[in-house]
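The values are calculated or read from the model by the stated rules, or taken from the named source; none is laboratory data. Computed from a predicted structure; not experimentally measured. Ideal geometry is used to build each Cβ from the backbone, glycine not excepted, and the neighbour counts take in all protein chains shown. Surface areas here come from the heavy atoms of the whole protein model, side chains and all, with no ligands, DNA or RNA. Shrake-Rupley method; radii C 1.70, N 1.55, O 1.52, S 1.80 Å.
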Amino acid sequence: MSSIYLDHAATTPMVEDALIAMTAQLARLGNPSSLHTHGRATRKTLEDAREVIAIEVGCLPSEVIFTASGTEANNTALKGLYWQGRDNGRHVVVISAIEHHAIIDPAHWLQEHEGAEIITIPVNADGVIDLDFLSHLIATRGNEIAVISIMHSNNETGVLQPIRKVVEIAGEIPVHTDAVQSFKKTPLSFSQLGVYAMTLSAHKIGGPLGIGALILRRAVEIPALLHGGGQEREIRSGTLNAPAIVGFAAAAKSKHYDIAHVASLRDSFIAGINAAIPDATINGISSDRLPGIVNVTFPGTQSDTLLLLMDGQRVSCSTGSACSAGVHEASHVLLAMGHNEVSAQSSLRFSFGATSTYADCDFVVSVLPDVITRGRAANFS
Amino acid sequence: MKLIAAMSGGVDSAVAAARAVEAGHEVIGVHLALSANPQKYRSGARGCCTIEDSHDARRAADVIGIPFYIWDMAEEFHDGVVEDFLSEYAAGRTPNPCLRCNEKIKFAAVLDRARAMGFDGVVTGHYARTEITDSGKTLHRAVDHSKDQSYVLSVLTVEQIRGAIFPLGDTTKVDIRKEAEARGLAVAQKPDSHDICFVPSGDNAGWLRDRLGSETGPIVDQDGVKIGEHKGAYTYTIGQRKGLGLTVPTADGSPRFVLKIEPVSNTVVVGAREDLAVSTMRGERPVWCGPAVTNQKLRGFVQVRAHGAALACSYFLDGALLVAELDEPLLGLATGQAMVIYDGDRVVGSATICETE
């Protein structure tokens with residue numbers, strides 16, 4: 001039985017160009033910080049890659065700070081901008097209710113250990129942040145806010161957030177956006193958005209694991225998390241991972257992801273679900289969304305059961321988040337959109353990528369009725 | 001068959017899953033998350049649902065080469081096992097939580113869910129055997145009597161036994177560890193779990209005191225004369241001699257033993273050793289692991305503790321109660337414990353002891 005991978009929002013296959021570029025670089029010797037011939041050669045390759053990424057993301061090369069992950073970029077941005085703000089008497093960290101844990105958890109850490117106060121922007125039933133709430137917040141407490149961090153698109157529902165408007169409302173307050181899911185999936189330009197900082201991750205776009213980037217405005221200097229050799233504007237010390245960076249750039253440059261094609265797959269999949277399971281609902285259906293993410297609630301089921309049954313059909317999809325013990329938890333994103341604990345635990349995320357096909361969609365739709373029937377029978381809660 | 005292997009992260013359930021795979025079954029490993037706030041690491045032989053245990057279970061499943069999932073049974077476990085444990089103690093009885101867990105979680109919640117999902121049964125690492133006989137699938141002691149767990153499985157109905165697979169019943173524990181080693185399972189030398197898994201400190205009395213309070217009350221003799229004071233009646237067990245703190249000696253200087261715990265009056269009754277003797281026990285809510293027992297008196301054995309001795313007896317059903325008449329009296333028997341009837345090594349059934357005399 002062939003297997004079907006519909007979890008591209010978790011990670012997606014490396015594109016061939018990236019694989020070739022990265023493996024070639026693995027064989028080359030030289031620390032980019034070294035001053036000799038070997039070092040210079042690696043430095044040249046690495047800076048070429050930085051320029052490629054800068055072009056793709058609409059920023060200056062000097063604004064690209066490589067990190068080991070999207071999580072690290074989020075931590076660097078949120079903590080760095082908070083500390084910078086705190087030095088100027090600002091202690092409030094504003095995030096949305098639907099951020100990834102790589103923003104929520106550092107925000108809570110700042111609250112517990114560094115004197116921050118978190119204010120959370122709610123979302124509506126369609127999964128979009130409440131801009132009126134933000135406007136009111138800035139009008140009343142704007143001078144206390146150190147940083148605003150709102151994701152560019154949500155990883156569970158794919159719903160796009162109005163970052164341009166957030167920046168307009170925020171005025172001079174630094175805005176960071178986690179664009180890990182958006183890069184290459186929807187038009188994205190750092191300079192046009194006007195944010196202070198933006199997070200990217202290579203493995204979500206067909207690049208390797210273990211490399212991300214914080215795009216940070218040139219003139220903004222924030223305290224570092226990692227101290228050492230002073231690489232990356234002294235904001236992120238550590239020998240640069242040249243092979244991964246080269247792979248990242250190759251993936252960023254690649255034209256393999258056809259937004260219109262993936263969106264069409266998604267729409268055909270949604271039509272199939274609606275026909276097969278009439279009471280299923282698509283979360284965030286009324287909003288502008290990424291092309292590749294479909295979040296479905298199947299009433300009367302438990303998503304961990306559905307995942308097991310789907311896995312048994314060799315279909316890989318996702319239930320959202322799990323706690324450290326591996327226990328499936330109700331998604332904070334769906335709860336924020338108005339779901340209750342039960343319906344939030346009855347949802348699956350299917351995410352499409354460049355390698356997904358109509359045959360994948362058709363197969364999943366064909367097994368859904370049996371999976372949902374068994375899933376409902378096994379739900380004793 | 002399509003089977004769910006319940007994997008605790010210990011050596012037994014890992015080998016059981018591996019044996020089920022080898023027997024040709026389609027097996028999926030499931031770790032039951034039984035605590036809402038699990039501890040990160042095991043401390044020695046205590047507990048079985050830490051995050052470390054779930055990692056061990058996952059690693060074993062990966063090495064065996066089967067899919068692995070975690071099922072959240074924390075709510076069912078709390079309601080069916082932990083709450084039952086507390087209310088039984090509060091009522092002056094001595095419950096066995098492992099038995100409740102088998103009855104309500106492993107072979108009820110898990111088996112029901114597995115069957116609804118299209119699986120045929122549940123594999124566990126219990127040391128017990130089943131046999132297919134003329135009267136159906138029956139439950140038996142493991143060949144390794146020192147590890148035999150048929151006692152805590154005696155609450156399973158015929159229907160539950162039908163869905164239960166115990167691949168370890170024919171092997172000794174020593175050999176299971178060797179087999180785990182040979183199969184490359186890192187849990188081969190992991191210590192056995194002892195005590196009660198949801199009391200990680202091992203201090204049952206302290207755990208109960210935190211939840212039930214420690215209201216002092218009288219310790220009385222059989223005439224009702226107060227001869228001491230206790231700190232929470234449920235921290236005592238029937239037959240207990242030490243730690244009573246009594247200052248009034250008996251006339252002949254003989255020791256006193258706990259005879260009875262009366263939760264309503266919060267009283268502990270003590271008396272002489274011979275007053276502990278029990279020759280007849282009655283149990284309520286009987287469960288039959290095979291053909292039902294009738295009012296016809298039969299010869300067999302009764303066991304009243306997980307690793308206690310099998311005591312020769314006659315047994316029969318008296319109305320709704322299972323009765324066992326012992327050949328030789330037994331000293332110290334608490335209500336709330338399970339009385340398990342054996343016909344040779346076959347488990348006939350069990351009941352919860354409600355009366356002794």
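Residues in region B:148-165 that are under 16 Å from B:Arg285 (Cα atoms) and surrounded by fewer than 22 Cβ atoms within 10 Å (Cβ to Cβ) were compared, and the one that is farthest from the chain's Cα centre (by Cα) is B:Val158. The residue list A:Asp178, A:Asp132, A:Asp105 contains one member that is at pLDDT 95 or above and exposed (fewer than 14 other Cβ atoms within 10 Å of the Cβ), which is A:Asp132.
Within region B:132-150, restricting attention to residues that are part of a strand (DSSP E or B) and in contact with a Ser or Thr (Cβ under 9 Å, 6 or more places away or on another chain), which residue is farthest from the other protein chains (Cβ to nearest Cβ)? Applying the filter and picking the extreme gives B:Arg141. When B:Gly217 is tested against (1) open to solvent by 30 Å² or more (accessible area, probe 1.4 Å); (2) of a type outside the set (Val, Ile, Thr); (3) over 24 Å from B:Leu32 (Cα atoms), exactly one condition is not met: (1). For region B:133-151, filtering for residues that are of a type in the set (Val, Ile, Thr) and either under 22 Å from B:Ala180 (Cα atoms) or at pLDDT 95 or above (or both) leaves 2. Number of residues in region A:309-343 that are away from chain B (no Cβ under 14 Å), β-branched (Val, Ile, Thr) and open to solvent by 30 Å² or more (accessible area, probe 1.4 Å): the value is 0. In the set A:Glu72, A:Glu99, only one residue is in the same structural domain as A:Glu51 (by TED's automatic domain parsing), farther than 15 Å from A:Leu216 by Cα and not small (Gly, Ala, Ser); that residue is A:Glu99.
Here A:Ala378 passes the criteria (1) open to solvent by less than 20 Å² (accessible area, probe 1.4 Å); (2) in contact with a strand residue (DSSP E or B) (Cβ under 7 Å, 6 or more places away or on another chain); (3) among the small types (Gly, Ala, Ser) except the one numbered (2). Whether any residue in region A:235-250 is open to solvent by 50 Å² or more (accessible area, probe 1.4 Å) and away from every other protein chain (no Cβ under 14 Å) is what I want to check. For region A:235-250, residues open to solvent by 50 Å² or more (accessible area, probe 1.4 Å) and away from every other protein chain (no Cβ under 14 Å): present. Mind listing whichever residues of region A:209-234 are closer than 25 Å to A:Ala354 by Cα and surrounded by fewer than 22 Cβ atoms within 10 Å (Cβ to Cβ)? Of everything in region A:209-234, those that are closer than 25 Å to A:Ala354 by Cα and surrounded by fewer than 22 Cβ atoms within 10 Å (Cβ to Cβ) turn out to be A:Leu209, A:Gly210. Screening A:Leu368 with (1) over 30 Å from B:Ser35 (Cβ atoms); (2) within 14 Å of chain B (Cβ to nearest Cβ); (3) open to solvent by less than 20 Å² (accessible area, probe 1.4 Å) gives one miss only, at (2).
Looking across region A:251-265, the residues that are open to solvent by less than 40 Å² (accessible area, probe 1.4 Å) and assigned to a loop (DSSP other than H, G, I, E, B) come down to A:Ser254, A:Tyr257. Within region B:153-160, one or more residues are part of a loop (DSSP other than H, G, I, E, B), at pLDDT 95 or above and not aliphatic (A, V, I, L, M). Would you please name the residue that is nearest to the other protein chains (Cβ to nearest Cβ), looking only at residues in region B:47-95 that are surrounded by fewer than 23 Cβ atoms within 10 Å (Cβ to Cβ), among the small types (Gly, Ala, Ser) and outside any helix (DSSP H, G or I)? For region B:47-95, the residue satisfying everything is B:Gly65.
Matching residues to (1) of a type in the set (Val, Ile, Thr); (2) farther than 30 Å from A:Met14 by Cβ:
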site: A:Ala260; (1), (2): no, no
site: A:Phe269; (1), (2): no, no
site: A:Asp288; (1), (2): no, no
site: A:Val294; (1), (2): yes, no
site: A:Thr297; (1), (2): yes, yes
site: A:Thr301; (1), (2): yes, yes
site: A:Leu306; (1), (2): no, no
site: A:Gly320; (1), (2): no, no
site: A:Ala330; (1), (2): no, yes
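The residue of region A:18-71 that is most open to solvent (accessible area, probe 1.4 Å), among those that are aliphatic (A, V, I, L, M) and under 21 Å from A:Thr186 (Cα atoms), is A:Ile55.
Scanning region B:266-304 for residues that are farther than 14 Å from B:Ile341 by Cβ and in a loop (DSSP other than H, G, I, E, B) yields B:Asn266, B:Ala272, B:Asn295. Name the residues in region B:106-131 that are within 19 Å of the chain's Cα centre (by Cα) and more than 12 Å from chain A (Cβ to nearest Cβ), would you? Answer for region B:106-131, where residues must be within 19 Å of the chain's Cα centre (by Cα) and more than 12 Å from chain A (Cβ to nearest Cβ): B:Lys106, B:Phe107, B:Val122, B:Val123, B:Thr124, B:Gly125, B:His126, B:Tyr127, B:Ala128, B:Arg129, B:Thr130.
Within region A:278-308, the set of residues being within 11 Å of another protein chain (Cβ to nearest Cβ), open to solvent by 20 Å² or more (accessible area, probe 1.4 Å) and outside any loop (DSSP other than H, G, I, E, B) comprises A:Asp304, A:Leu307.
Residues that are surrounded by fewer than 24 Cβ atoms within 10 Å (Cβ to Cβ) and farther than 16 Å from A:Gly292 by Cα within region A:347-361 are absent altogether.
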